[in-house]
Amino acid sequence: MNNKYAFLLLASLSLGSCTLTEQDARQLHSQAPVSPDVDGITVPRNLAPLRLAMADTCSLSSVQAVFESSSSKIIVGADAGELAISIEDWQKLVAAAECVSVRIQGKDKAGQWVEYDPLTISVSADDIDPYLSYRLIEPGYEVWDSMGLYQRELGTYTQKAIVENKQTEGGCMNCHSFRQNNADDMLFHFRAKCGGTYVIRDGRIEKLNTKTPETVSALVYPYWHPSGRFVAFSTNITKQAFHSKDPNRIEVFDNESDVVIYDTEKHEVFSCPQLKSQAAFETFPCFSADGKTLYFCSADSLNVLKEYDKVQYSLCSIGFDAEAAMSGSLASAFSATVDTIYNAKRQGGSISFPRISPDGRWLMFTRAGYGNFSIWHRDADLLIADMSNLSDASNPSDSSRPYIRELTELNSSEVDSYHSWSSNGRWVVFSTRRDDALYTRPYLTHLNDDGSFTKPFPLPQSDAHFYHRFMKSFNIPEFSVNPVSMPSSTIEQCAKTQPGIDVKYRK
Amino acid sequence: MKKILSSLIVFGLSMLVYWLTVPLSDCYIAQWRTFYWDRHYCNEILAQHSGAWQLIQDFYYQAYATTTGIAAVLAVFTTVLVSVAYALLGKIGALHKVMDTTVKQSGVYALLFVLTTVCTMAVRGYFTSSADKNVRAMMCLAADNKWDTIIEEYSKVPSTTKLENNLKNMAYAERGQLSRRFTANRHPDVNDLFVLEINSSPYVAALLSDIYWTMGEITMSQMYAFEANEKLGNLSPRLLKRLALTNIVMGEYRVAEKYIDWLSKTVRHHSWAEYYRTKLSDEAVMADEYLSLKRRCVPEENGFPSSRSIPYDLQQIVNRNPGHLPSSEYLKAIGMLR
């Protein structure tokens with residue numbers, strides 16, 4: 001009997017000690033030492049909550065966070081320096097709220113309760129696409145071990161493998177791409193083992209052998225035409241070298257490159273002289289939202305190994321007529337002239353990854369000092385062009401109407417590079433190395449009505465120290481409105497058993 | 001009391017036996033794997049296929065950092081086995097008559113001890129590769145910068161592989177003896193200094209990372225360390241140390257801190273990590289004799305080391321940093337090959 005009472009007493013004591021109450025604390029008038037920096041960010045309602053880590057320098061004990069919105073108040077105690085609100089509690093907080101405040105309280109050395117300045121998180125009514133896909137790979141050099149394409153459910157912390165290279169004899173995989181955020185239409189490449197381009201459409205998967213005698217390489221950087229009939233690709237002869245001192249560590253460059261269009265029904269690629277010039281490197285194609293314009297990057301062809309830091313890619317566009325391309329009339333499939341949206345020689349830098357918003361208004365791209373592999377260029381930053389106002393293309397110095405703008409609210413002193421838009425055009429995910437200058441992390445931001453972006457924040461993870469511990473980079477983050485439904489076992493079977501369809505070059 | 005005393009004697013004796021017989025090369029595994037005292041790490045490993053087994057292995061490998069550690073683990077194992085076996089025998093009634101005196105009991109206990117120890121050594125020997133024993137042992141010594149021990153114990157042992165020569169020559173270079181000793185080899189070639197073909201082996205890449213570090217080729221050292229670490233699942237303590245050091249030398253303190261934070265979660269490397277945590281600034285690096293010497297090896301002008309020759313790079317380092325003796329030693333040795 002005595003034991004029973006003792007057990008009940010202990011149980012009630014431990015329950016009592018777990019009950020957190022908001023404290024009447026003395027204000028410290030200083031910012032809470034937490035990471036990531038969430039003060040002033042805007043989050044969508046359907047995103048899993050960010051977990052916060054108290055800095056090691058924080059000397060408070062019994063730390064707790066008071067999360068408060070107009071609809072709810074939840075107190076979370078720190079566990080090993082982490083403040084982790086549950087998904088369920090977070091959903092209650094943001095359900096009908098426009099703002100959440102986070103007040104962090106703790107006991108100082110004298111045992112008195114103190115409180116930091118509140119952190120404010122705005123809640124947007126714009127939902128984010130529920131899935132984000134990326135490749136996880138070490139930011140390595142020439143070898144790799146394990147890698148894979150993964151898909152993250154953004155409302156939770158669940159990550160599933162689309163396909164991993166342990167299923168494909170350890171080969172490399174890259175360049176996954178969805179048609180307009182629809183994961184039912186997807187493609188990606190395997191290199192080395194089980195090499196080929198894999199296209200998923202209408203619930204079927206096909207393997208393509210895409211090197212043709214007329215193209216410099218197999219197909220590389222993809223972008224789907226909105227119709228789904230075509231995919232623009234670059235073909236690249238890519239090399240890399242190691243800097244002995246440069247902070248960029250590695251230089252990746254193209255010795256040759258062109259842009260071609262792949263016809264998904266005829267298994268043919270085609271191009272035009274403007275996209276396949278000997279005098280220029282053309283790469284990073286991107287169709288406009290209506291599919292009538294093809295954006296791409298172009299640089300004068302140089303001896304790259306000797307003049308790697310003099311290669312400057314301009315942002316160009318060419319008209320594309322899908323109807324003409326479908327009918328086989330290549331002469332009228334492309335416009336005769338190429339427009340230059342950003343002239344790198346005149347305006348400076350070198351452009352990569354043009355990506356147009358779904359409404360066609362905003363064209364976001366990356367600019368680095370030179371070259372095209374911006375993920376290894378620490379000066380790489382994001383810029384945006386307002387495509388509804390092209391009048392100042394010839395006069396970028398006119399600051400009164402800056403039709404191309406540096407996204408200073410997003411950029412950091414480290415790499416800010418690959419980016420993609422959500423299907424509603426209100427959220428952008430971009431790759432950045434701001435955390436430690438080496439490992440690429442996905443950051444999210446919201447587009448305001450005036451064309452500015454909110455303060456970026458990292459993709460939430462189930463523990464606050466995740467990014468500091470994690471030894472892989474997040475490559476090519478791409479939103480999708482639906483999950484990739486093709487089982488990885490089907491992809492594996494296709495890779496291992498299918499010889500692949502030989503793609504032809506249409507002349 | 002008698003049982004405790006018996007166990008202590010068994011533990012002490014087996015510890016002595018194992019300590020005398022376990023070769024240094026057995027510590028090789030601890031270069032690549034260890035246990036990290038981090039709950040997220042444990043959770044992630046447990047979530048993997050056969051994760052529990054890997055976690056047990058990693059925990060066990062903590063002891064493999066030294067031969068004393070290995071001997072202690074084996075001694076605990078032996079003590080437990082002997083005690084359990086003795087208890088079982090004692091419960092078998094038929095044997096009661098056999099073990100009716102203290103002398104007989106001691107005899108059975110001693111017999112069990114001998115049997116268990118011999119079996120443990122046999123099983124350990126069976127599962128421990130004897131291939132590249134010298135390379136493994138020298139790699140362990142190189143990890144702790146025990147260059148004099150390598151020279152003392154292995155300079156007179158004939159090399160059977162280029163990797164052994166690589167390690168010996170690295171030790172000679174560290175001690176300024178390479179140019180003097182290199183010609184002693186019969187028909188030396190560049191592969192005696194650094195193997196040119198790594199065959200995707202992370203262990204050879206790790207060795208090359210050490211050699212380039214010794215040469216003062218910090219970028220190449222980092223490249224090989226990164227690739228080797230990647231191949232070994234990203235948490236090799238030896239390679240994390242090299243990555244931390246190369247990044248500190250290159251002034252990349254934030255990423256160096258990432259590796260240091262991992263190492264600080266180990267038993268074996270915690271103090272190393274905390275020491276180098278104090279070096280995460282230019283001032284601290286320049287005030288540190290070893291790190292500042294390495295930093296002066298970083299070229300003033302940028303270039304692509306892989307597109308040039310090693311002698312060219314070494315000549316640049318020697319010109320810039322004549323105090324870095326291993327660079328000039330390697331340069332002279334390469335010169336002898338011409």
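The values are calculated or read from the model by the stated rules, or taken from the named source; none is laboratory data. Bear in mind the structure is a predicted one, so any value in this text is a computation, not a measurement. Methodologically, a virtual Cβ is constructed for each residue, glycine included, from the backbone with ideal geometry; neighbour enumeration extends over all protein chains shown.
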- Item | Wholly enclosed helices (runs of 4 or more DSSP H) of segment B:3-106 bearing at least 2 residues modelled with pLDDT of 90 or more and either in contact with a Phe, Trp or Tyr (Cβ under 7 Å, 6 or more places away or on another chain) or of a type in the set (Phe, Trp, Tyr) (or both) | B:51-61, B:67-91
- Item | Some residue of segment A:159-182 being within 20 Å of residue A:441 (Cα to Cα), under 17 Å from the mean Cα position of the chain (by Cα) and acidic (Asp, Glu) | no
- Message: Pairs needed: first member in segment A:116-137, over 20 Å from residue A:424 (Cβ atoms) and assigned by TED's automatic domain parsing to the domain that holds residue A:32; second member anywhere, among the hydrophobic types (A, V, I, L, M, F, W, C) and surrounded by fewer than 19 Cβ atoms within 10 Å (Cβ to Cβ); C-beta distance under 6 Å; at least 6 residues apart or different chains.
- Response: A:116/A:28
- Task: Test residue A:171 against the stated conditions and say whether it is small (Gly, Ala, Ser), free of Cβ contacts under 8 Å to residues at least 60 places away in the same chain and away from every other protein chain (no Cβ under 14 Å).
- Result: no
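Where residues in segment A:104-131 are among the hydroxyl-bearing types (Ser, Thr, Tyr) and under 26 Å from the mean Cα position of the chain (by Cα), which of them is farthest from residue A:482 (Cα to Cα)?
Step one: filter segment A:104-131 for residues among the hydroxyl-bearing types (Ser, Thr, Tyr), giving A:116, A:120, A:122, A:124, A:131.
Subsequent filtering for residues that are under 26 Å from the mean Cα position of the chain (by Cα) retains A:120, A:122, A:124, A:131.
Working: A:120: 31, A:122: 26, A:124: 21, A:131: 7 Å.
My answer is A:120.
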- Every residue from segment B:281-313 that is of a type outside the set (Asp, Glu), under 22 Å from residue B:194 (Cα atoms) and over 27 Å from the mean Cα position of the chain (by Cα): B:299, B:303, B:304, B:305, B:306, B:307, B:308, B:309, B:311, B:312
- Query: What do you reckon, is residue B:175 touching a residue at least 60 places away in the same chain (Cβ under 8 Å), out of contact with any strand residue (DSSP E or B) (no Cβ under 9 Å at 6 or more places or on another chain) and basic (Lys, Arg)?
  - Reply: no
- Task: Go through segment B:186-200 and count every residue that is assigned to a loop (DSSP other than H, G, I, E, B) and either surrounded by 15 or more Cβ atoms within 10 Å (Cβ to Cβ) or touching a residue at least 40 places away in the same chain (Cβ under 8 Å) (or both).
- Result: 6
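Being within 13 Å of chain B (Cβ to nearest Cβ) and within 17 Å of the chain's Cα centre (by Cα): is that true of residue A:138 here? Walk me through how you get there before you give the answer.
On the way: within 13 Å of chain B (Cβ to nearest Cβ): yes; within 17 Å of the chain's Cα centre (by Cα): yes.
Answer is yes for this residue.
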- Please state which one of A:437, A:495 is closer than 26 Å to residue A:193 by Cβ, surrounded by 17 or more Cβ atoms within 10 Å (Cβ to Cβ) and touching a helix residue (DSSP H, G or I) at 6+ places or on another chain (Cβ under 8 Å). A:495
- Message: For segment A:335-357, check the following and say yes or no: at least one residue is in the same structural domain as residue A:240 (by TED's automatic domain parsing), small (Gly, Ala, Ser) and in contact with an Asp or Glu (Cβ under 6 Å, 6 or more places away or on another chain).
- Response: no
- Task: Among residues belonging to segment A:437-481 that are among the basic types (Lys, Arg) and touching a residue at least 40 places away in the same chain (Cβ under 8 Å), point out the one that is farthest from the other protein chains (Cβ to nearest Cβ).
- Result: A:455
- The condition from (1) assigned to a strand (DSSP E or B); (2) within 14 Å of chain B (Cβ to nearest Cβ) that residue A:190 misses is numbered (2)
- Could you say which residue among B:25, B:50 is within 14 Å of chain A (Cβ to nearest Cβ) and either surrounded by fewer than 19 Cβ atoms within 10 Å (Cβ to Cβ) or closer than 27 Å to residue B:153 by Cβ (or both)? B:50
- Taking segment B:292-338, which residues are at pLDDT 90 or above and touching a Ser or Thr at 6+ places or on another chain (Cβ under 6 Å)? B:314, B:317, B:318, B:326, B:329, B:332, B:333
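Being charged (D, E, K, R) and either buried (at least 21 other Cβ atoms within 10 Å of the Cβ) or at pLDDT below 95 (or both) is the filter here; which residues of segment A:116-147 pass it? Talk me through it step by step, then tell me what you get.
So the first thing to find is which residues in segment A:116-147 are charged (D, E, K, R), and the list is A:117, A:126-127, A:129, A:135, A:138, A:142, A:145.
A:129, A:135, A:138, A:142, A:145 - these are the residues of segment A:116-147 that are charged (D, E, K, R) and either buried (at least 21 other Cβ atoms within 10 Å of the Cβ) or at pLDDT below 95 (or both).
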- Query: Is it fair to say residue B:285 is more than 14 Å from chain A (Cβ to nearest Cβ), closer than 30 Å to residue B:70 by Cβ, surrounded by fewer than 20 Cβ atoms within 10 Å (Cβ to Cβ) and not charged (D, E, K, R)?
  - Reply: no
- Message: Can you report the number of residues in segment B:123-168 which are surrounded by fewer than 14 Cβ atoms within 10 Å (Cβ to Cβ), assigned to a helix (DSSP H, G or I) and either β-branched (Val, Ile, Thr) or touching a residue at least 40 places away in the same chain (Cβ under 8 Å) (or both)?
- Response: 1
- From B:211, B:218, B:198, grab the single residue that is within 20 Å of residue B:150 (Cβ to Cβ) and outside the structural domain of residue B:45 (by TED's automatic domain parsing). B:211
- Restricting attention to segment A:199-236, and to residues there that are acidic (Asp, Glu) and more than 28 Å from residue A:312 (Cβ to Cβ), which single residue is nearest to the other protein chains (Cβ to nearest Cβ)? A:206
- Note on the structure: Taking segment B:297-318 and keeping residues surrounded by fewer than 18 Cβ atoms within 10 Å (Cβ to Cβ) and either more than 14 Å from chain A (Cβ to nearest Cβ) or touching a Gly at 6+ places or on another chain (Cβ under 8 Å) (or both) leaves B:311
- Task: Kindly state which strands (runs of 3 or more DSSP E) lie completely within segment A:408-497 and contain at least 3 residues that are under 24 Å from residue B:240 (Cβ atoms).
- Result: A:473-480
